[in-house]
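This report refers to the structure that appears directly beneath it.
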Amino acid sequence: MYPTVALSLTVCMFIACSSACSTSCVCIKDKATCRTPDPSGIVLGDNIRKVVLHDLNASFLTNNTFSANPQWSQIETLEIWANGGESLGSRVFTGLSGLTYLGYHNEHMFYMEYDAFYGLDHLKELDFSTNIRLQTSSFLISMYSKNLPRLN
Ligand SMILES: *[C@@H]1O[C@H](CO)[C@@H](O)[C@H](O)[C@H]1NC(C)=O
Ligand SMILES: *[C@@H]1O[C@H](CO)[C@@H](O)[C@H](O)[C@H]1NC(C)=O
């Protein structure tokens, strides 16, 4: 009995429990897949570089969501599946300074602030597919706002 408990504790220490991910996330190697309406409280392990966020409620996104915790500056690829929130607010991606790929998908969004992409200095690739209601003019103004200097 005791050796079994000790063994599973050891296994937990070296495998599952070694990554300090939030319970709303599943973390495998360098990738975290999280399911939560508000990502601002998420804690990721030091080794995480890729994040997928499901069920995010866009009305919770602010300029502090990704900037309050420095862990987000280490993330290289981020895929967001959002609902709610008719607009993408000012500077909501602040703090994601290491990001090279961003996917953002929200069928409810129809407008975005001109400086929504502020701080994405290293972004090379943007996937804005499935944003079926988004006004093209609003998107283009954000795209050409000089906030995406490295976009391919
Ligand atoms: C976020 O916006 C608020 C209100 O405009 C501002 O006071 C704050 O400095 C901003 N924070 C960041 C990290 O840009
Ligand atoms: C998103 O959050 C707002 C504010 O809490 C809430 O009114 C709305 O119903 C939520 N939307 C979805 C799709 O969960």
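All of the numbers you see were taken from the coordinates with simple rules; none came from a lab. This is a predicted model, so every value here is computed, not measured. For neighbour counting, all protein chains shown are included, and Cβ atoms are generated from backbone atoms with ideal geometry for every residue, glycine included.
Fewest Cβ neighbours within 10 Å first, please rank Met112, Met143 accordingly.
Working: Met112 24, Met143 17.
Ascending Cβ contact count within 10 Å gives the list Met143, Met112.
Ranked from highest to lowest mean number of other Cβ atoms within 10 Å per residue, what is the order of the peptides 53-61, 133-141?
With the highest mean Cβ count within 10 Å placed first, the list reads 53-61, 133-141.
May I ask you to sort Ile48, Ile132 by Cβ crowding, counting other Cβ atoms within 10 Å and putting the fewest first?
Ile132, Ile48
Report, to the nearest 10°, how far helix 2-14 tilts away from the longest principal axis of the Cα atoms in the chain, using its own Cα long axis and a range of 0 to 90°.
The helix 2-14 is inclined about 30 degrees to the chain.
How much of the calculated P(r) for the stretch 39-152 lies past 24 Å, in percent of all Cα pairs?
When all Cα pairs of the stretch 39-152 are counted, 15 percent exceed 24 Å.
Rank-order 119-131, 79-91, 95-107 by packing density, defined as the average count of other C-beta atoms within 10 Å over each peptide's residues, highest first. It would help to have the intermediate numbers written out before the result.
Numbers: 119-131: 16.0, 79-91: 17.5, 95-107: 19.8.
Highest-to-lowest ranking by the protection proxy: 95-107, 79-91, 119-131.
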